[in-house]
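*Asks:* Dropping the structure in here first, questions after.
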Amino acid sequence: NAGVMQNPRHLVRRRGQEARLRCSPMKGHSHVYWYRQLPEEGLKFMVYLQKENIIDESGMPKERFSAEFPKEGPSILRIQQVVRGDSAAYFCASSPRGQGFDTEAFFGQGTRLTVV
Amino acid sequence: GEDVEQSLFLSVREGDSSVINCTYTDSSSTYLYWYKQEPGAGLQLLTYIFSNMDMKQDQRLTVLLNKKDKHLSLRIADTQTGDSAIYFCASPRGDSSYKLIFGSGTRLLVRP
């Protein structure tokens with residue numbers, strides 16, 4: 001059973017371009033979480049999705065950012081018109097049920113986005 | 001709002017014990033986590049402790065919780081070079097247990 005797979009591992013975009021980050025959850029996991037880690041900081045919650053539904057997007061910037069988790073295929077975090085401040089590591093985690101003390105969320109290796 | 005704070009850096013000699021400290025503000029947290037992040041990797045859950053416990057031991061790891069002071073610590077006995085990593089404490093947000101509040105991480109360097 002492969003772990004949470006994120007790709008690409010590294011992504012370089014010029015200011016104004018679009019960034020698409022992919023996350024394939026572990027087999028059997030229907031809950032996905034996206035976190036962002038700025039340099040020298042901890043992870044900050046962005047969004048929680050179940051298949052085809054956004055459960056909580058309270059951590060998402062209001063503009064340029066969107067996330068989806070379709071019925072088939074990976075979850076996608078999309079950043080339009082990237083700016084330098086979007087440079088960060090983006091981590092995805094998945095769980096079979098809502099994450100809690102009895103349900104561990106497993107993290108992927110992250111996508112490191114650099115905006116030049 | 002909720003906040004979790006950690007010291008940024010700790011350096012120890014191989015074989016010594018390491019103690020990583022964390023303070024949190026959300027008193028409604030029913031459990032707290034410790035994660036390990038190795039270079040270029042994702043986060044690995046090390047252990048968790050319920051808020052009604054004072055201590056939890058798991059092999060070389062000992063977690064101490066002082067709920068009155070909202071202080072959490074992770075002790076690693078007989079620290080090895082493979083323990084070099086960034087350690088994060090995390091607290092689930094009281095009203096949304098799936099939403100973890102992470103500290104900024106403590107970078108542990110183990111010297112041979």
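Read-outs: derived from the displayed coordinates by stated rules, not from any lab. Quantities reported herein were computed from a predicted structural model and do not represent experimental measurements. Note that we place each Cβ from the backbone using ideal geometry, even for glycine, and neighbour counts take in every protein chain shown.
*Asks:* Kindly indicate the residue of region B:54-105 that is within 12 Å of chain A (Cβ to nearest Cβ) and among the polar types (S, T, N, Q) and also farthest from residue A:47 (Cα to Cα) among those meeting that condition.
*Replies:* Once the filter is applied, the top-ranked residue is B:104.
*Asks:* Shifting gears a bit: Collect the residues in region B:41-75 that are small (Gly, Ala, Ser) and more than 13 Å from the chain's Cα centre (by Cα), keeping them in residue-number order.
*Replies:* Across region B:41-75, the qualifying residues are B:41, B:42, B:51.
*Asks:* Would you mind listing the strands (runs of 3 or more DSSP E) fully within region B:51-112 where at least 3 residues are surrounded by 14 or more Cβ atoms within 10 Å (Cβ to Cβ)?
*Replies:* B:61-66, B:71-76, B:85-93, B:96-102, B:106-111
*Asks:* Moving on to the next point. In region A:82-116, how many residues are away from chain B (no Cβ under 14 Å), among the aliphatic types (A, V, I, L, M) and surrounded by 15 or more Cβ atoms within 10 Å (Cβ to Cβ)?
*Replies:* Residues that pass the stated criteria total 3.
*Asks:* Can you pull out every residue in region A:66-81 that is among the aliphatic types (A, V, I, L, M) and surrounded by fewer than 17 Cβ atoms within 10 Å (Cβ to Cβ)?
*Replies:* A:76
*Asks:* Out of (1) more than 22 Å from residue A:103 (Cβ to Cβ); (2) within 13 Å of chain B (Cβ to nearest Cβ), the odd one out for residue A:3 is which?
*Replies:* The one condition residue A:3 does not meet is (1).
*Asks:* Let me spell it out: the conditions are (1) in contact with a strand residue (DSSP E or B) (Cβ under 6 Å, 6 or more places away or on another chain); (2) within 14 Å of another protein chain (Cβ to nearest Cβ), and residue B:11 meets all of them except one. Which number is the exception?
*Replies:* (2)
*Asks:* Can you say whether residue A:75 is within 23 Å of residue B:36 (Cβ to Cβ) and of a type in the set (Ser, Thr, Tyr), as far as the supplied structure shows?
*Replies:* So residue A:75 does not fit the description; no.
*Asks:* Within region B:1-37, can you find the residues that are small (Gly, Ala, Ser), within 12 Å of residue B:106 (Cβ to Cβ) and surrounded by 14 or more Cβ atoms within 10 Å (Cβ to Cβ)?
*Replies:* Selection gives B:7, B:18.
*Asks:* If the requirement is being surrounded by fewer than 13 Cβ atoms within 10 Å (Cβ to Cβ) and within 14 Å of another protein chain (Cβ to nearest Cβ), which of these qualifies: A:57, A:63, A:52, A:40?
*Replies:* Criteria check complete, one pass: A:40.
*Asks:* Can you pull out the residues in region A:1-31 that are among the aliphatic types (A, V, I, L, M), under 16 Å from the mean Cα position of the chain (by Cα) and in a loop (DSSP other than H, G, I, E, B)?
*Replies:* Across region A:1-31, the qualifying residues are A:4, A:26.
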